[in-house]
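Just below is one structure, and these are the notes that go with it.
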Amino acid sequence: MAGGADILEIQLAFSDPSADGPAIQGACTKVLERGYKTADGLSLIKKIRGEFPQTTIYLMSYGSLVFTPGVKEFCKRAAAAGVNGMIIPDLPFDFDEGLTAACRENGMENIPVAAPSMSEERLRKMAGAGFNYIYAALRTGITGTDTTIGQDTIDFIKKVASGGSKVYGGFGISKDEQAKALAPYVEAVVAGSVFVRTINAALPGLANDCDKDALFKAVKAKAEELTGAAS
């Protein structure tokens, strides 16, 4: 993709996104105020999949949106839209309402979320559960504010990876120095809120007649910074 990113994570708007900070919460509110439905999000994913058939797409959402239509039915719809994997942070890896099985049935990955607040025993259990990928939230709390990448962060990532799973590291990543510090230890660096802030800064209010070229350039520049494509 332009900017150097390899994976696109698309979040379905949710009324109370408990893991997300002000930037993503504000974006969710704007989308929901327009009458957004889950089906609209899946339709957008299907459109993106059609235009970018080789791009890995992960769907991030919360448990109630998946559980309401039925986990199996939701996963079937997501896979049909072109989703490659699911990130549902409030469905625990060992009490996931059948999410892992439903993902496998539909050719998708379930990517559980590990947090530094997990006990050592529970973290070992997750690491040894056989997931191909695990998302490591690099600190507790909500995303959106800067995360310091220190030795404790690296030690946590190593624990998450101890069972052989590939690790995606994110939560508060917004600068190139953070991405560079993480890169040797993770399969991919995840950034989200920073792009919402970038869009808001480039196009205040996101008017219908917004300058799409300006939007593209702003997002591309931030992606290049984080991926090192601008170097």
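The values are calculated or read from the model by the stated rules, or taken from the named source; none is laboratory data. Since the model is a prediction, treat every value here as computed from it, not as a measurement. Reconstructed Cβ throughout: ideal geometry from the backbone, glycine too, with neighbour counts over all protein chains shown. We work out accessible area using only protein heavy atoms, side chains counted, and drop any ligands, DNA or RNA first. Shrake-Rupley method; radii C 1.70, N 1.55, O 1.52, S 1.80 Å.
Conditions (1) over 23 Å from Leu42 (Cα atoms); (2) surrounded by fewer than 21 Cβ atoms within 10 Å (Cβ to Cβ), marked per residue:
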site: Phe67; (1), (2): no, yes
site: Ala80; (1), (2): no, yes
site: Glu105; (1), (2): no, yes
site: Glu120; (1), (2): yes, yes
site: Lys125; (1), (2): yes, yes
site: Asp152; (1), (2): yes, yes
site: Phe156; (1), (2): yes, no
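When you go through Asn200, Asn132, Asn110 one by one, which is the residue that is touching a helix residue (DSSP H, G or I) at 6+ places or on another chain (Cβ under 7 Å) and either under 25 Å from Gly26 (Cβ atoms) or among the polar types (S, T, N, Q) (or both)? It is Asn110.
Report, by residue number, each residue of the stretch 93-138 that is in a loop (DSSP other than H, G, I, E, B) and touching a Cys at 6+ places or on another chain (Cβ under 7 Å).
Pass one, the stretch 93-138, residues in a loop (DSSP other than H, G, I, E, B): 93-98, 106-108, 111-112, 115-119, 128-132, 138.
Correct list: Asn106, Met108.
The set of residues in the stretch 82-91 being touching a helix residue (DSSP H, G or I) at 6+ places or on another chain (Cβ under 9 Å), without any contact (Cβ under 8 Å) to a residue 60 or more places away in the chain and either open to solvent by 20 Å² or more (accessible area, probe 1.4 Å) or over 19 Å from Val66 (Cα atoms) (or both) consists of Leu91 alone.
Checked against (1) open to solvent by less than 20 Å² (accessible area, probe 1.4 Å); (2) at pLDDT 95 or above, Gly3 meets all criteria but (2).
Let me confirm something: among Leu12, Leu59, which residue is within 18 Å of Val190 (Cα to Cα) and at pLDDT 95 or above? Walk me through it before giving the result.
Values: Leu12 fails: at pLDDT 95 or above.
Going through Leu12, Leu59 in turn, just one is within 18 Å of Val190 (Cα to Cα) and at pLDDT 95 or above: Leu59.
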